[in-house]
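As C-alpha cells, the structure follows; a few thoughts come after it.
The values are calculated or read from the model by the stated rules, or taken from the named source; none is laboratory data. These figures come from a predicted structure and were not determined experimentally. Note that each Cβ is placed from the backbone with ideal geometry, even for glycine, and that neighbours are counted across all protein chains shown. Surface accessibility is based on the protein's heavy atoms, side chains included, excluding ligands, DNA and RNA. Shrake-Rupley method; radii C 1.70, N 1.55, O 1.52, S 1.80 Å.
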Amino acid sequence: MSNVSDSLLLKLIIIGRSMAGKSCILLRFCDNKFESNLGFTIGVDFRFVSLNKNDETIGLQIWDTAGQERFRTITSSYYRDADGVMIVYDITDENSFDQVDHWFDEISKQAPPSVVKILVGNKTDLENKRKISTERGLNAANSRSCPFIEVSAKSGENVKKAFEMLVDAWTEKSKQHITKPRKKKARQKITNESFEKKDKGNCC
Amino acid sequence: MFQIVNHDKIKTRTSLLSKTISLIQECYNLNNFFSVFALSSALQNDQIYRLRQTWEGLTISERRKCNKLFHFVSSANNYRKYRLRIKECALPSIPFLDLSLYDISLLYMKYPTLIDRKSIVDFAKLHQINQIMIFLRSFNKQYSSPKNENIQNQLKNIPLIPFETISQISQSMEPRSTETKDRFLTDQCWTNLLRKSVSSTHFMMEDETNYGQDFLDKEDSEEDIIIIFDPEKNKWHVRAGTVQMLVKLLTKESATDPAYLKQFLLTYRSFSTPTEFLNLLIQRFYEQPSRYLDNHEQENFHKKQNITRLKIISIINQWIKSHFYDFTNDPSLQKEISNFLDEAIELEIFKKPAQHVKSMIAKQFESREKKVIISVSKEIPKPILPKSLTSFKTLDIHHEELARQLTLIEFDLFCAIEPKECLSEGWLKKDKEIRSPNIVKFTKFFNQVGLWAATEILKCEKLRDRVQTITYFIKVEKKCREFHNFNTVQEIIAGLEVSPIYRLKKTWESVPEKIFRIHEQLISLMSLEDNYKGFRDAIQNENPPCIPYLGVYFTDLVFLGSGNKDTLPSKNGTKELVNFEKCRKISKVIETIQQYQQFPYFFQPVKEIRQFIESSVSNVFDETEMFERSFQFEAKKN
C-alpha cells in the first residue's frame, strides 16, 4: 500500500444476489494478485488493487461480503463511506435481475449521496442460457442514470473495464463537486477515523 | 566417505556422491536396509554434508532420489517409514539390526523382568522381545546373486581413516564461510535447493522409480491421480483423483495419514454421495486379485487385503462416529451398512471389529435421542435474576445475564450446524432450507437479535431512554466479548449500525464517551478491513469456549469455492479428476468451525429469560417502521 500513499484511494463495494458471481468478479479482477491455489488464510491484501489511469495510480479497496448475504443486518455498515458500488446480477437468472431495484433502494438509504454506481450483468459466457437481454439491463441502468456493462467473470471479458468505468464515473462526479475535493490521504484510515469525526467530534 | 572427501576436484566429488546415492538406491531395491542405513548416515555425516558445492553439482533427479532415501532412514516417528517398509517387503532382505537391538534394550530398561518382587515373570515383556527375535529370524532367505570374491575382499580391507583426517580434508576442500553458522547455512541451502528442484517440476515426479512409492501401486494408472510433494511437511499428498482412486487411497494397506481420512469424510459430499462412498468401500472389500499374479504375488495380495479390509472397517467406524447424520435419515443406507457388517462378522478375523462397529451404530442412535449431559467440572456462576421473574422488561435483566443467556442460545444454534451444511455454498442456494437448515436458523437468529436491539432503542420516546438502551446493549456487547462470543458482538454491532439507529446523531452524542469508546473498539475488532484480520487474530488468542462470527468462514468458503476448480484434468488430459486440494482447504475451514463446537459454556440457563429473549426477537419492527420512528425522533435534514 505504501506506493500509493499520496495517490487516490477509493472504497468500492460489490453487492448483488448471492450466486450472481460477485466473488468470481473480484477473484478475476485480482487475478494477478493471487493464484487459484490460494492459501488457507485468503491473502489479506487481495481486496486491495491498484489501477493505473492516465499515469495516475488509483488504489481500490474492494469490500465484498460474499458468503455473508444471510447476515442481512451487517450489510448496512459496509455502505458507509463507500465511494462506489457495483451492483451485480446474473444474466441467466431472472430473480437476480428483479432484485436490482431493491439494491438501488438500499443504496439510496444506506450509502452516502455522493456514491457512484455501476450496474453489471455477469455470466456472458452463458449466452445460450441468457434470460435478461442487454437492452433490459441498459434500460434499468439508464433509468437510474448510471453506467452499465456486461461481463464474464469466467472468461474475464470486460471485468477490468467495469472497474475502470466505475472509477471514471467517480472522477467525473468529483469534478462536479469541486467544493468537496476528496483526497485519498485523508481517507486512508477508513472506518474508525471517519466515524470518529462524524460522531465523536461533536460529542465531547 | 573418505573417497568422496579425498578428491580435490568438485566434479569428481560430485560424481562419487552420485554413485554412492545410486548404490544406496540399489541396496534399497535389494532390501538390504543395513547398507542403506550405513551409507546414508555416512553421507549425512557433517563432513560430507557440509560440502555445499559438491552437493550442488547433483542433477535434480539425483537430489530428489537422495532426499527420498534420507527421508526413508529418518528417525521420525520412531523410524516409521523403515518399519512399514520392512514389514511388507519380500525376502531376502537384511534388516537394520541396530534398530531391533535398540528396541530390545529399550524393553529391558523400561520394564523389570519380575513384577512386584514376588517373582512373577513379566510375560508380556518376554513376549514382546520374543516377537523381535522372531522378526529377525524371519530374514533367513539367502541372496541368490553370485559372489564376487574380489570385491568382497576389497571391501573387507578398506582402511579405516580416523575422523580427524576426514574432517581436516573436508575443511580444506571447501573452507567454512562463517565460523559459527556454517551448519545452519548448509542446511538452509540444501533445503532450498531441494525445494527449487521440486517446485521447478511442478511437484510432478517424472522419475518412475520414485513415483510416490508410499502412495501408488504398479497397477495404478497415472491418469487417475495426481499427487504432489509438500516440501514443508515433507510428505506426499493427493492433489486430485477419481472418486474410485480417492477411496482406494483411503483403504490402502500403507495409508497412514489420518488427516486425509478426516478431510475426505468432511468433504466427500461435494463430489460424491454417502451411498456411492459405501458401495466403493464394499467393492474394495471384496476386490479380487488380478489373474496375472504369480503365487508369491497372490500371497502378498491376500496379506495386504486383510489389512485393507481392517482399514475399511475402521473407516466405517470413524464415519459413523463423526458423521452419523449421513445415516439418520437414510434407511436404505442404514440397511446396506448393516448387511455389509453382518457379512463381515461371518469372516472370522473381522468378527470383533465388525461387531464393535455394529454396537457403535446402536449407540449413536441412542445418543441422538438423549442429549449427552457433560459432567460439569467448572463452577457455574450464579445467575443474576431480575427482581421479578414473572414480569420484567429488557433493561431489568442485568446486562451480564443477558449476555450469558444469549451466549447459551447461540451456542446451541451454533452446535447444531453440521459440516455438510458448509459444503458447496449450500446456505446461499435456493434450497438452502434443505441443504443448510441449521445455518439458516443460525443466521436468522443473528439478524433478529440485531433488529431487536434496534427496536428496543426505537421504542424509547425520550432521548435519555434511548441513550440508556444503547449504553445497555454496548455493555452486553462488551460482556459477550469477554465470553469470547464474537457472534453476539457482531450481531449487536450490526443492530446498532443499521441506518435508522446510526443516523440518530443527537442520541449518539449523548452516549457517555467511555461507553462509546468500548463500542468503537469492538467495531474495529469486527471490521471487514484486511479480511477480518482483527477478528481472526483475536479468536486465535482466546481459549475456548468461543462462538466465532461465522460470516468470516462463510466468506472463506465462498472464495475457496469459486477460486478453485472442482476438477482438474489428469496428466494426459483423458480424465477429469476430483480436485482434492480444494477439498483439503475447505475441510480446514470446516475443521476450524468444528473445533469451536466442542467446548460448551458453563452458565446456568434461566428459562424465563430465555423465553423472554425468544419471544422478543421474533417481535421486532420492520424496516419502514424503524425509519418512520427514527425520522420522528430526529428529522431528516434535507
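General observations
- Among the residues here, A:LYS33 does not qualify as modelled with pLDDT of 85 or more and within 13 Å of chain B (Cβ to nearest Cβ).
- Some residue of region B:380-400 being touching a residue at least 60 places away in the same chain (Cβ under 8 Å) and surrounded by 22 or more Cβ atoms within 10 Å (Cβ to Cβ): yes
- Only one of B:PHE445, B:PHE483 that is of a type in the set (Phe, Trp, Tyr) and either within 12 Å of chain A (Cβ to nearest Cβ) or open to solvent by less than 20 Å² (accessible area, probe 1.4 Å) (or both): B:PHE445
- Within region A:54-74, the set of residues being part of a loop (DSSP other than H, G, I, E, B) and over 24 Å from B:GLY563 (Cβ atoms) comprises A:ASN54, A:ASP55.
- Tally, over region B:583-638, of residues that are assigned to a helix (DSSP H, G or I), charged (D, E, K, R) and open to solvent by less than 30 Å² (accessible area, probe 1.4 Å): 2
- Hits in region B:512-528 - residues which are outside any helix (DSSP H, G or I) and crowded, with 20+ Cβ neighbours inside 10 Å: B:MET526, B:LEU528
- Restricting B:PHE277, B:PHE327 to those that are more than 27 Å from B:ARG239 (Cα to Cα), within 26 Å of the chain's Cα centre (by Cα) and assigned to a helix (DSSP H, G or I) reduces the list to B:PHE327.
- Search result, residues across region B:529-544 that are assigned to a loop (DSSP other than H, G, I, E, B) and touching a helix residue (DSSP H, G or I) at 6+ places or on another chain (Cβ under 7 Å): B:PRO544
- Any hit, region B:560-570, residues being at pLDDT below 90, under 21 Å from B:GLU410 (Cβ atoms) and at the interface with another protein chain (Cβ under 9 Å from one of its Cβ atoms): no
- The residue list B:GLU287, B:GLU348, B:GLU297, B:GLU369 contains one member that is acidic (Asp, Glu), within 19 Å of B:LYS252 (Cβ to Cβ), modelled with pLDDT under 80 and open to solvent by 30 Å² or more (accessible area, probe 1.4 Å), which is B:GLU297.
Yes/no per residue for (1) assigned to a helix (DSSP H, G or I); (2) among the basic types (Lys, Arg); (3) within 16 Å of B:PHE554 (Cα to Cα):
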{"residue": "B:LYS382", "(1), (2), (3)": "no, yes, no"}
{"residue": "B:PRO386", "(1), (2), (3)": "no, no, no"}
{"residue": "B:SER391", "(1), (2), (3)": "no, no, no"}
{"residue": "B:ILE434", "(1), (2), (3)": "yes, no, no"}
{"residue": "B:THR443", "(1), (2), (3)": "yes, no, yes"}
{"residue": "B:LEU451", "(1), (2), (3)": "yes, no, no"}
{"residue": "B:GLU456", "(1), (2), (3)": "yes, no, no"}
{"residue": "B:GLU461", "(1), (2), (3)": "no, no, no"}
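- Qualifying residue in region B:405-418 (condition: open to solvent by 20 Å² or more (accessible area, probe 1.4 Å), over 30 Å from B:ILE609 (Cα atoms) and outside any helix (DSSP H, G or I)): no
- Scanning region B:448-475 for residues that are facing chain A (nearest Cβ under 8 Å) and among the acidic types (Asp, Glu) yields a total of 0.
- Index of the failed condition, A:LYS131 passing every other in (1) in a loop (DSSP other than H, G, I, E, B); (2) closer than 21 Å to B:TYR502 by Cβ: (2)
- Enumeration of residues in region A:160-182 that are within 19 Å of the chain's Cα centre (by Cα) and at pLDDT below 50: A:ARG182
- Residue ID - nearest to the other protein chains (Cβ to nearest Cβ), chosen from residues in region B:433-442 that are in contact (Cβ under 8 Å) with a residue 12 or more places away in the chain and open to solvent by 60 Å² or more (accessible area, probe 1.4 Å): B:LYS441
- The listed residue being more than 14 Å from chain B (Cβ to nearest Cβ), touching a residue at least 12 places away in the same chain (Cβ under 8 Å) and among the polar types (S, T, N, Q), out of A:THR134, A:THR65, A:THR75: A:THR134
- In region B:419-432, the qualifying residues are those that are over 18 Å from B:PHE271 (Cβ atoms), in a helix (DSSP H, G or I) and open to solvent by 10 Å² or more (accessible area, probe 1.4 Å), and the one that is nearest to the other protein chains (Cβ to nearest Cβ) is B:LEU428.
- Members of region B:603-632 that are hydrophobic (A, V, I, L, M, F, W, C) and farther than 29 Å from B:GLU401 by Cβ: B:PHE627, B:PHE631
- A count restricted to region B:493-540 and to residues that are more than 10 Å from every other protein chain (Cβ to nearest Cβ), within 33 Å of the chain's Cα centre (by Cα) and in contact (Cβ under 8 Å) with a residue 12 or more places away in the chain stands at 5.
- Scope region A:108-128; condition within 23 Å of B:PRO500 (Cβ to Cβ) and crowded, with 19+ Cβ neighbours inside 10 Å; matching residues: A:GLN110, A:ALA111, A:VAL115, A:LYS117
- Counted residues, region B:541-559 - those being more than 7 Å from chain A (Cβ to nearest Cβ) and either of a type in the set (D, E, K, R) or open to solvent by 10 Å² or more (accessible area, probe 1.4 Å) (or both): 6
- Of all residues in region B:571-587, those being within 13 Å of chain A (Cβ to nearest Cβ) and free of Cβ contacts under 8 Å to residues at least 40 places away in the same chain number 2.
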